[in-house]
Amino acid sequence: MDKITAVKGMEDIFYPDIRVWHYIENMIREQMRIFGYTEIRTPILEKTELFVRGVGNTTDIVKKEMYTFNDKGERSMTMRPEGTAGVVRSVVEHNMTGAGAPFLKFYYFGQMYRYERPQKGRLRQFNQFGVECFGTDSPYVDAEVIQILYLLLKKLGLSDLDVKLNSIGCPECRPIFREKAIAYLSARKESLCAECRERLEINPLRVYDCKVPSCAAAVSGAPFMVDNLCSGCADHFGKVVAALGDVGIPYTLTKTLVRGLDYYTRTAFEVTSKHLGAQDALGGGGRYDNLVDELGGPKTSAVGFAMGIERIIIAIKSQNIKLELEKPPDVYIIPLSAGEFDYSFKLLWDLRLEGIGAQMAVAEKKAGSHFKDADKLGARFAVVIGSDEVTSENLTVKDLTAHSQEKISSGNIVSYLKSKAAGSN
Ligand code: HAM
């Protein structure tokens, strides 16, 4: 029979790689506690309209990349392509913002779905970690979320990071700039790629981050949004930049950075790594002061970011970073024949109840083959149980790293293993 494979662009994650995921998740959860963020879990499936209105119907994500289908009730549903819209929906639905509401700081982990052409670092199902803050337009919060993104990547040992920073204005200054950009770029329409020619009228800012060389050349002399901000946006951006400077977060002012989602206002940022290929963004985000009311809530300022876990793992591997991963079981119990299974199974239970990581061989094999299995598991000790051991209650404990062995009475085995395990830390 033909075997059924996973869907293209979607990956299984399991041992030993899963340990890297756990390491990242645990480290992030601890940092979220320190920074005062709480977790939010929203559904993977949302009404399509949420993303059309939230992410924007001129974006590549909404136009080309969504997994959209009708459910059995003929309602259009979409597998979330990103996390922000769902979090905003939830915040609005549960009346969490508005006058008198506390400053909200959420974080999430989750699978996202985009029908993109799979390549290294670009999947159709991928995992994001993200944060979203609601209820203030303080530039310190923009600086805080950038600080978090940078800190998390640093804590994973990543180097050669570039924090790209820009401001893309607000509904007051962007329309004025838009006309300027259209005028400048229209005069150079011939050098733009087909897609950018189309974008020119709909979303001229997207032309700025097009990777096609002729588009980049056309843009190089163009006016930039960040140089045309209204006084409110300029003041805000100046304060973000100053706050980042105060805490020593390095950044590169990147005037062409616009981001691929329509909800951003003011601050936009991305962190890239030199250790990735073409898909070099480890994370990105920005301020979105209008999305809450566009999705039916009260006017509420917001800012956040998301980072791609798969890309972070690629960067960790390509930089050859050694993380301190979950420990393998401490003990592998080896019954030498079926006659010792019952005794071994009871010992296994006793060790586990005492918090000692233990596994037991459940097939009859030659001793040498059992030791190979213990090695594969990475166990530190093997407890060998033959008929002599059962009768004498004196168990043979082999230290698999020191290559030594001792006889330990069954009454002392727990304290012996605990003291040895503690000593190895
Ligand atoms: P985004 O830039 O579209 O932003 O995605 C954030 C990160 O998700 C990217 O930097 C990348 O690491 C990862 N990512 C995106 N697409 C893929 C893919 N196809 N395969 C693998 N990884 C991918 C957002 O999603 C916004 N919601 C971020 C945000 C939160 N802005 C404000 N709050």
Heavy-atom accessible area per residue - the chain, 1.4 Å, Å²: 49
What ranking, highest mean first, results for peptides 401-408, 160-167, 216-223 when packing means the other Cβ atoms within 10 Å averaged over each residue? 160-167, 216-223, 401-408
Give me the three principal axis extents of the range 37-125 from the C-alpha atoms, as integers in angstrom, largest value leading. 44, 35, 25
With R₀ set to 22 angstrom, the calculated FRET efficiency between the beta-carbons of SER318 and ILE18, to the nearest 0.05, is 0.70
Can you pull out the chymotrypsin sites (Phe, Trp or Tyr not before Pro) in the range 108-170 whose DSSP state is coil and whose Cβ has at most 10 other Cβ atoms within 10 Å? none
Determine Rg/Rh for the range 331-419; Rg is computed over alpha-carbon atoms and Rh is the Kirkwood hydrodynamic estimate from the same atoms. 0.91
For the range 309-380, Rg(Cα) over 2.2 N^0.38 Å is 1.49
Would you give the gap between the C-alpha center of the range 167-187 and the C-alpha center of the range 85-115, rounded to a whole Å? 30
Tell me which residues come under 5 Å, amide H to amide H, from THR59 once H is placed; ignore anything under 5 positions away on its chain. none
Separation between the MET77 and SER392 pseudo-spin-labels, each 7 Å from Cα along Cα→Cβ, expressed in nm? 6.4
For the chain, alpha-carbon Rg over 2.2 N^0.38 Å: 1.27
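Could you look at the chain and say what percent of its accessible area is carbon and sulfur, using a 1.4 Å probe and all protein chains? Write out the running numbers ahead of the final one.
Details: 10970 of 20740 Å².
The computed percentage sits at 53.
The values are calculated or read from the model by the stated rules, or taken from the named source; none is laboratory data. Model, not experiment: these values are computed from the prediction. Neighbour counts run over all protein chains shown; Cβ positions are idealised from the backbone, glycine included. Surface areas here come from the heavy atoms of the whole protein model, side chains and all, with no ligands, DNA or RNA. Shrake-Rupley method; radii C 1.70, N 1.55, O 1.52, S 1.80 Å.
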